[in-house]
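Enquirer: Please find one structure pasted underneath; my questions will follow.
The values are calculated or read from the model by the stated rules, or taken from the named source; none is laboratory data. Given the structure is predicted, the values throughout are model-derived calculations rather than measurements. Here the Cβ positions follow ideal geometry from the backbone for every residue, glycine too, while neighbour counts run over all protein chains shown.
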Amino acid sequence: MSLFASGDRTVGLLAQVAVERSVDRYPDGLTYAVPPALADLRAGEHVRVPLGRGDSSVEGMVVRVMPADAASNVPLAKLKFLEGRSTAAPPMPAQLVELAQWISSYYVCPVGMTLASMTPSAVKRGVGTVTRTFVDLAAGWEDAMRAAKRVTPQQKRVVEALRTAAPSERPMDVRDLAERADLGTPEPVKRLVSSGILTSERRTSVEAEWRAERAGAGAMPELTPAQRTVVDDVRATLNAGFSQHLLFGVTGAGKTEVYMRLIAETLAAGRTALVLVPEIALTPQTGGRLLARFPHERVAILHSGLTAAQRNQQWNMVSSGQVRLVMGARSAVFAPIPDGQLGLVVVDEEHDGSYKQDQMPRYHGRDVAIRRAQLAQCPIVMGSATPSLESWFNATERRTSALHVLRERAPGLRLPHVEVVDFAEERKRFPDNRVHLLGPRLAGAIQETLDAGAQVLVLLNRRGYANWIACADHRCGWMMRCDRCDAGMICHKLPSSNGGAATQYVRCHHCQGEQRLPRHCPSCGKQVSVFGLGVQRVEEELSRLHPSLVAGQTMLRIDADSMHDAADFHDALGRFGRGEVKLLVGTQMIAKGLDFPGVRLVGVVNADTALNLPDFRAAERTFQLVSQVSGRCGRGADAGRAIVQTFQPEAPAIRLAAAHDFEAFAAEELALRGKFGLPPWRRMARVVVRDADEEKARELAEALARELSATVGDTGIVVAGPMPCPIARIADRWRMQVEISAPNAAVLGKYLTAARNAGVLRPGETYAVDVDPVALM
Ligand code: ADP
Ligand code: ZN
Ligand code: ZN
C-alpha cells in the first residue's frame, strides 16, 4: 500500500463518511484521511469528523474505506483527517451500509440522510434503557406481615391495593401500584419488598405488554396438503442463497401458518428471521401469534407504540445478535441483524400502501426488503390475498419470483358470500326522504347478525362526519373549501362531554387546519348544510337504527381520530375479541389482518370512495379494500356474509372482488396498464415542484422538464409534464409535477443518478422526488 502525505501525517487509507447534516454537493458523503491508528476502521462505524470552514466536529458514519491510491481523483493534500471513533451507537452491519447506498441512489436521497433515517433517534441519542419493576404479594405474605416490626398505614394501603387487584393486574408495575395506593414515592413498596412481604421482578414493559397474548393458543395445526407443498418448496431454498417467493393465498388460507413453519426451520438452522407487517396490522394479535409459537426465542417487536427507551433497547438487542426473530412495520427492514445471521425475510400483506414511506428517503419497504435479502443471500417470501400488480407481474410475467398458491381457506373456514348492493336502487326503498348511509339490506343484515349474537364490522374509508359543507340553497352554489389548499373542508364532530349537542367543526385533511362550522353562508346568508359521507355519521346512524349498539360500549369507532396510539387500538381489539363489543365501525384500519372468529357480517358502506380518484391504482386499491375487508369474516365455524354498497356494481374491481377472483382482476388490470404504458410494465418516478408562488412553481417545473428531457437519449425514458398535481395547492404551496417513465428499474435508477450528479435533480423542500410512487395526488 502506498503512502501519501497529508499535512504532516501520512495517509494509507481514505474513508468516505456520511454526515447527517445535508451536504447537498456531496450526496454520497465526504472523503477523509484515516489516521494510522484507525487502520482497522470499517464501514458502518460511527466517527467524528471536522466539517466546514470552522472545522466544527460532527457525527458521521463510515460508508466506505479504501486505500488512498485507489482514489485517483481525490486531492490528497487537501484532505482533512477524521478525528476518531464515536461510541454513540453500535456500528451498523456492513450489509446495511450497502443497503443505504442502494436506497440513496435508487430513491435519490443523500446517503447521510438515508443512514440517519435508518437508525431510530433514540438509538442515536443512546436513550437509557428503562427496566420496570413489577411486584406481587409473596407466598406467605400474611405471616411476613405479622412478623414485621412495624407496618405503616401507607404500606397497608399497598398490600390492600394488591390484594384487591384483579388477577390479570398482578404482578403490578410499581408506579401503577404507588398511584393506586395513593403514595407520593415508591419507598413504602421497597420497604415491603425488603421485609419479604412483596416479591419483585424486573422486566421490560415490552414483554409485559405482549404477555397476555403470548399465553394464548400456540397449538400447531396439521398443515393442509396445499400448505405442505408451499412449505416444502420454500424450505428447499433456505440456506441456498437469494430467492424470491410470492405466496398468493385467499384471506384465511393459512399464510401465517406457512410463515411460522418457515421461521421455525430458519431458527433451527441457527439463523434469524425478519418479518415485516403493515403498520396497522401490527397488533398484539399478529405479534402474539408469533410469540405464542416461539415462546423460547428472543423476539424483538419494533412498533410505533414503543417508547424511545424501549426502541433503543430492542435495537441494541438485535444488534448484539441476541434476537432470533425480528418483527415490525416498514422501518424494521433496517433492523441491525448482524451480517451473516439473516436467514429468511417475510413480507406479510406485501400489497399494503403503508410500506411506502412518504418522506425522504421515499423508499418502499417491500422493495428494500428484496434488496436486503439479496445482500444477505437468503430467501424472501411475500404474501398476500391481493398481491400488488408489481409482485404479480414479477411472478407471472417476468418470473423473477416463484409463485405459490393457496386457493382454499384453512380447514373449517369458508370464504364469505359477498353481495353487491346497487345503492342507486337501494335508495328508492328508503321509507322516508332522509339521507341514509345504510340501506335496508345492510341494516337488516346487521340486525339479524346482532340478534344471533354474532359480531359485525362496518367499513367506510372516510374520516370525519361529512365531506361536503355547502349552502343549503343549491342556486347559491357556495361550498366550503380550505383557504390554504385546493380541497374541500371536512366536517367533524366532537363528542359532547355532558350529553348535550355534539360540537361540530371543520378540518382540512391536507394541511390539518381547523375552523368552526359556519352557520350561515358567507355568500348569501342562508343556512349552511353538511352532506356526504363520514365514518362518524355512520356511527350515528347505527346507534339510531340499532338501539342495542351503544357508542363506546357495544360499538366502537376505529379511525385515526378515535385511536390516539397503539395502546388504544390494542385495547379496542381486546374488547372486541372478548365479545364485549359487538360492532366495530371504522376506516381501513379495520380492513387489515384482523382474525376474529365471532365476525359473521362485514358491511361496506360505500365501496366507491377510492374508485374515481385520478390515480391509475384506484381500481387496484378498491379491489384490495373490498377483498380484504370481506375476508375478515367467516373465520369461525359459520360462513360469513359481506354486503357491499356501491353506485358502480358493474365496476370490475367491485364485481371481481365479490367473486373472490383476483386472477381475473389482475389479468384485466394488467392488460389495461400495458396498453397505457403504466407500471408494472414500466417504472415511474414523479417529481413534485412546490412553491408559494404559482408562477414560480410553474417556471421551475418547466425548466426541470426541459433539462430532464434533454438527457433522455435512446434510454427509452419518457418525460411527461409539467402539469398541475391533482391537488394543485397544499398549505399555500402550489404543486406542479413532472413524470418520468422508464422501461425498467435499472434504466430508471441510472438515469436518476445521472440527473442528480448533474445537479438537475436536487431533492429537498422545493423538489420532492418519488420513485415508484404509490400515491399520485
Ligand atoms: P391468512 O394469514 O392466510 O389470512 P391465517 O394464517 O390467519 O390465514 O389462518 C386463518 C385461520 O386458520 C387461523 O386461525 C389459523 O390458525 C387457522 N389455520 C391455518 N392453517 C390451518 C390448518 N392447516 N389447519 C387448521 N387451521 C389452520
Ligand atoms: Zn388545507
Ligand atoms: Zn349561499
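Enquirer: Identify, please: which residue in the stretch 184-202 is modelled with pLDDT of 85 or more and part of a loop (DSSP other than H, G, I, E, B) and is, among those, farthest from K255 (Cα to Cα)?
Expert: Filtering the stretch 184-202 for residues that are modelled with pLDDT of 85 or more and part of a loop (DSSP other than H, G, I, E, B), the one farthest from K255 (Cα to Cα) comes out as S195.
Enquirer: Now, a different point. Would you check which residues across the stretch 729-758 are of a type in the set (A, V, I, L, M, F, W, C) and within 16 Å of ligand 2 (Cβ to nearest atom) and list them? So that I can check it myself, show each step before the final result.
Expert: To start, the set of residues in the stretch 729-758 that are of a type in the set (A, V, I, L, M, F, W, C) comprises 730-731, 734, 736, 738, 740, 742, 745-748, 752, 754-755, 758.
Listed by number, the residues that qualify are I730, A731, W734.
Enquirer: Moving on. Taking S205 as the residue in question, decide whether it is at pLDDT below 90, more than 22 Å from R298 (Cα to Cα), surrounded by 12 or more Cβ atoms within 10 Å (Cβ to Cβ) and more than 16 Å from ligand 2 (Cβ to nearest atom).
Expert: no
Enquirer: Sticking with this one: Scan (1) farther than 27 Å from Q314 by Cβ; (2) assigned to a helix (DSSP H, G or I); (3) at pLDDT below 80 for the single condition A226 breaks and write down its number.
Expert: Among (1) farther than 27 Å from Q314 by Cβ; (2) assigned to a helix (DSSP H, G or I); (3) at pLDDT below 80, A226 violates only (3).
Enquirer: For the stretch 215-234, how many residues meet the condition of being more than 10 Å from ligand 1 (Cβ to nearest atom) and crowded, with 16+ Cβ neighbours inside 10 Å?
Expert: Here is the first cut: in the stretch 215-234, the ones more than 10 Å from ligand 1 (Cβ to nearest atom) are 215-216, 218, 229-234.
Still in the running and crowded, with 16+ Cβ neighbours inside 10 Å: 230-231, 234.
Residues flagged as more than 10 Å from ligand 1 (Cβ to nearest atom) and crowded, with 16+ Cβ neighbours inside 10 Å within the stretch 215-234 amount to 3.
Enquirer: Something else: Restricting the first residue to the stretch 746-763 and requiring it to be farther than 15 Å from R706 by Cβ, which pairs with a second residue that is modelled with pLDDT of 90 or more and small (G, A, S) meet a Cβ separation below 7 Å and a spacing of at least six or different chains?
Expert: V747/G716; L748/A685; L748/A742; G749/S105; Y751/A742; L752/A685; T753/S105
Results for (1) part of a loop (DSSP other than H, G, I, E, B); (2) out of contact with any strand residue (DSSP E or B) (no Cβ under 8 Å at 6 or more places or on another chain); (3) acidic (D, E), shown as yes or no for each residue.
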position: R366; (1), (2), (3): no, no, no
position: A373; (1), (2), (3): no, no, no
position: F393; (1), (2), (3): no, yes, no
position: T400; (1), (2), (3): yes, no, no
position: H436; (1), (2), (3): yes, yes, no
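Enquirer: Shifting gears a bit: Does E663 qualify as being free of Cβ contacts under 8 Å to residues at least 40 places away in the same chain, surrounded by fewer than 17 Cβ atoms within 10 Å (Cβ to Cβ), out of contact with any Pro (no Cβ under 9 Å at 6 or more places or on another chain) and closer than 30 Å to I446 by Cβ?
Expert: No; evaluated as a whole, the condition is false for this residue.
Enquirer: Tally up the residues in the stretch 31-71 that are within 15 Å of G112 (Cβ to Cβ), among the hydrophobic types (A, V, I, L, M, F, W, C) and modelled with pLDDT of 90 or more, please.
Expert: Result for the stretch 31-71: 6.
Enquirer: Scan the stretch 725-751 for residues that are touching a helix residue (DSSP H, G or I) at 6+ places or on another chain (Cβ under 6 Å) and aliphatic (A, V, I, L, M) and jot them down.
Expert: M736, V738, A742
Enquirer: Right, another one. Only one of (1) touching a Ser or Thr at 6+ places or on another chain (Cβ under 9 Å); (2) in a helix (DSSP H, G or I); (3) of a type in the set (S, T, N, Q) fails for S543. Which number is that?
Expert: (1) is the only condition that S543 fails.
Enquirer: Of all residues in the stretch 612-638, which are within 14 Å of L459 (Cα to Cα), in a loop (DSSP other than H, G, I, E, B) and hydrophobic (A, V, I, L, M, F, W, C)?
Expert: Across the stretch 612-638, the qualifying residue is only C633.
Enquirer: A further question on this structure: May I ask you to list the residues in the stretch 456-499 that are among the small types (G, A, S) and within 14 Å of ligand 3 (Cβ to nearest atom)? Spell out how you get there, then give the answer.
Expert: At the first step, the residues of the stretch 456-499 found to be among the small types (G, A, S) are 464, 466, 470, 472, 477, 487-488, 496-497, 499.
Within the stretch 456-499, A470, A472, G477 qualify.
Enquirer: Among the residues of the stretch 248-265, write down those that are in contact with a Pro (Cβ under 9 Å, 6 or more places away or on another chain) and either part of a helix (DSSP H, G or I) or of a type in the set (A, V, I, L, M) (or both).
Expert: E257, L262
Enquirer: Among the residues of the stretch 324-350 satisfying the criterion of being surrounded by fewer than 22 Cβ atoms within 10 Å (Cβ to Cβ) and without any contact (Cβ under 8 Å) to a residue 60 or more places away in the chain, which is nearest to F248 (Cα to Cα)?
Expert: A329
Enquirer: If I filter the stretch 407-430 down to residues being in a strand (DSSP E or B) and surrounded by fewer than 18 Cβ atoms within 10 Å (Cβ to Cβ), which single residue comes out as farthest from ligand 1 (Cβ to nearest atom)?
Expert: Step by step, filter the stretch 407-430, then rank; the result is D422.
Enquirer: I've got another one for you. For the stretch 239-263, give me the residue count where each residue is surrounded by fewer than 18 Cβ atoms within 10 Å (Cβ to Cβ) and not aromatic (F, W, Y).
Expert: Selection size over the stretch 239-263: 3.
Enquirer: Of the conditions (1) within 16 Å of ligand 1 (Cβ to nearest atom); (2) in a loop (DSSP other than H, G, I, E, B); (3) surrounded by 21 or more Cβ atoms within 10 Å (Cβ to Cβ), A607 fails just one. Which one is it?
Expert: It fails just one condition, (1).
Enquirer: Has the stretch 307-322 got at least one residue that is among the aliphatic types (A, V, I, L, M), farther than 30 Å from V629 by Cβ, more than 16 Å from ligand 3 (Cβ to nearest atom) and in contact with an Asp or Glu (Cβ under 9 Å, 6 or more places away or on another chain)? Break it down into steps so the answer makes sense when it comes.
Expert: At the first step, the residues of the stretch 307-322 found to be among the aliphatic types (A, V, I, L, M) are 308-309, 317-318.
Those still in the list that are farther than 30 Å from V629 by Cβ too: 308-309, 317-318.
Checking the rest, the ones that are also more than 16 Å from ligand 3 (Cβ to nearest atom) come to 308-309, 317-318.
Okay, now just the ones that are also in contact with an Asp or Glu (Cβ under 9 Å, 6 or more places away or on another chain), so none.
No, the conditions are met nowhere in the stretch 307-322.
Enquirer: Another one. Give G464, G453 a once-over and let me know the one that is in contact with a Cys (Cβ under 9 Å, 6 or more places away or on another chain) and at positive phi. Please lay out each step first, then the result.
Expert: On the way: G453 fails: in contact with a Cys (Cβ under 9 Å, 6 or more places away or on another chain).
Just one listed residue meets the conditions, G464.
Enquirer: Now for a separate question. Pull out all pairs, ordered by first then second residue, where Cβ-Cβ is under 9 Å, the residues are six or more apart or on different chains, the first lies in the stretch 475-493 and is away from ligand 1 (no atom under 16 Å from the Cβ), and the second is hydroxyl-bearing (S, T, Y) and assigned to a strand (DSSP E or B).
Expert: Matching pairs, first to second residue: C491/Y505; H492/Y505; K493/T503; K493/Y505.
Enquirer: Let me ask another. Filter the stretch 494-511 for residues that are modelled with pLDDT of 90 or more and closer than 18 Å to S562 by Cα; which is farthest from ligand 2 (Cβ to nearest atom)? Outline the logic, then answer.
Expert: Kept after step one, since they are modelled with pLDDT of 90 or more, are these residues of the stretch 494-511: 505-511.
Restricting the remaining residues to those that are closer than 18 Å to S562 by Cα gives 505-509.
Values: Y505: 14, V506: 10, R507: 9, C508: 3, H509: 8 Å.
That would be Y505.
Enquirer: Same structure, new question: If we keep just the residues of the stretch 516-539 that are more than 16 Å from ligand 3 (Cβ to nearest atom) and surrounded by 15 or more Cβ atoms within 10 Å (Cβ to Cβ), which is nearest to the chain's Cα centre (by Cα)?
Expert: The residue in question is V535.
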